[in-house]
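Structure record follows, encoded as structure tokens.
The values are calculated or read from the model by the stated rules, or taken from the named source; none is laboratory data. Because the structure is a prediction, the values reported are computed rather than measured. Methodologically, a virtual Cβ is constructed for each residue, glycine included, from the backbone with ideal geometry; neighbour enumeration extends over all protein chains shown.
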Amino acid sequence: MSSTLSRRKILETGAVLLAGLLGPRSIAAAGNDVVVIQMKSDTQGSHVGFDPIGVVIQPGQTVRWICTSNIHTATAYHPKNFQHSLRIPEGAEPWDSKYLFPGKAFEVKLTAEGVYDYFCLPHEIAGMVGRIIVGKPTGPGALPFDYFQNDPEKHGWRNVPKLAQAAFPAIADIMKDGRVPLSMLSGSH
């Protein structure tokens, strides 16, 4: 049974590498293919991040987060998730993977067009955030981080921490390249 799992893992890894080599258009054109995002950490745990940190997909594609080291979550910015501000399309279902240990995965199918910002619960303050654009970059995730500040109905929503705000790749860069890889070598998040 372990050889079956090993072959499957090799095939999945090869597919992810091939998608990266073919460039952003192959990801967007893939339709129902699964897009893999790795949850990474260096050996000391001082640099953490999602890789890629930004990606464009098509409506109906599935995103799978795989924890490669440390303990992480993939949690949508949404008031249902610890009163965080809404940074996914209105009406889209928020998700929270709960804690994932190395080798574990979580996936969600995204159907509503727009920007989906998400974070790792224990590492948000360290800037472990990611951005997925489904189709067109619209919705609350495309707005400034403080767009809700003067709305009394949104009183109590938590701001995105400053370090996390700074870690998000620009929407224009994601749209231009189709994916923005995490650069852990330089120490950036």
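Laid out as a table, the results:
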{"quantity": "2 or more residues out of contact with any helix residue (DSSP H, G or I) (no Cβ under 7 Å at 6 or more places or on another chain) and not polar (S, T, N, Q): qualifying strands (runs of 3 or more DSSP E) within region 93-163", "calculated": "105-110, 129-134"}
{"quantity": "Hey, residue 82 farther than 20 Å from residue 180 by Cβ, touching a residue at least 60 places away in the same chain (Cβ under 8 Å) and touching a helix residue (DSSP H, G or I) at 6+ places or on another chain (Cβ under 7 Å) or not", "calculated": "no"}
{"quantity": "Counted residues, region 35-51 - those being outside any loop (DSSP other than H, G, I, E, B) and either out of contact with any strand residue (DSSP E or B) (no Cβ under 8 Å at 6 or more places or on another chain) or within 20 Å of residue 116 (Cα to Cα) (or both)", "calculated": "10"}
{"quantity": "Residue check for residue 33: acidic (Asp, Glu), under 26 Å from residue 149 (Cβ atoms) and more than 11 Å from the chain's Cα centre (by Cα)", "calculated": "no"}
{"quantity": "Those residues of region 159-178 which are in contact with a Pro (Cβ under 9 Å, 6 or more places away or on another chain), modelled with pLDDT of 95 or more and on the phi < 0 side of the Ramachandran plot, in sequence order", "calculated": "169, 171, 172, 174, 175, 176"}
{"quantity": "Filter result (aromatic (Phe, Trp, Tyr) and under 19 Å from residue 182 (Cα atoms)) within region 107-151", "calculated": "116, 118, 119"}
{"quantity": "Residue within region 118-140 that is under 15 Å from the mean Cα position of the chain (by Cα) and of a type in the set (Asp, Glu) present", "calculated": "yes"}
{"quantity": "Hits in region 22-47 (condition: of a type in the set (A, V, I, L, M) and modelled with pLDDT of 95 or more)", "calculated": "34, 35, 36, 37, 39"}
{"quantity": "Total residues in region 45-63, condition more than 13 Å from residue 130 (Cβ to Cβ) and in contact with a Lys or Arg (Cβ under 9 Å, 6 or more places away or on another chain)", "calculated": "4"}
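Residues checked against (1) surrounded by 13 or more Cβ atoms within 10 Å (Cβ to Cβ); (2) free of Cβ contacts under 8 Å to residues at least 24 places away in the same chain; (3) more than 12 Å from residue 54 (Cα to Cα); (4) not polar (S, T, N, Q):
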{"site": "73", "(1), (2), (3), (4)": "yes, no, yes, no"}
{"site": "120", "(1), (2), (3), (4)": "yes, no, yes, yes"}
{"site": "129", "(1), (2), (3), (4)": "yes, no, no, yes"}
{"site": "145", "(1), (2), (3), (4)": "yes, no, yes, yes"}
{"site": "151", "(1), (2), (3), (4)": "no, yes, yes, yes"}
{"site": "163", "(1), (2), (3), (4)": "yes, no, yes, yes"}
{"site": "167", "(1), (2), (3), (4)": "yes, no, no, yes"}
{"site": "177", "(1), (2), (3), (4)": "yes, no, no, yes"}
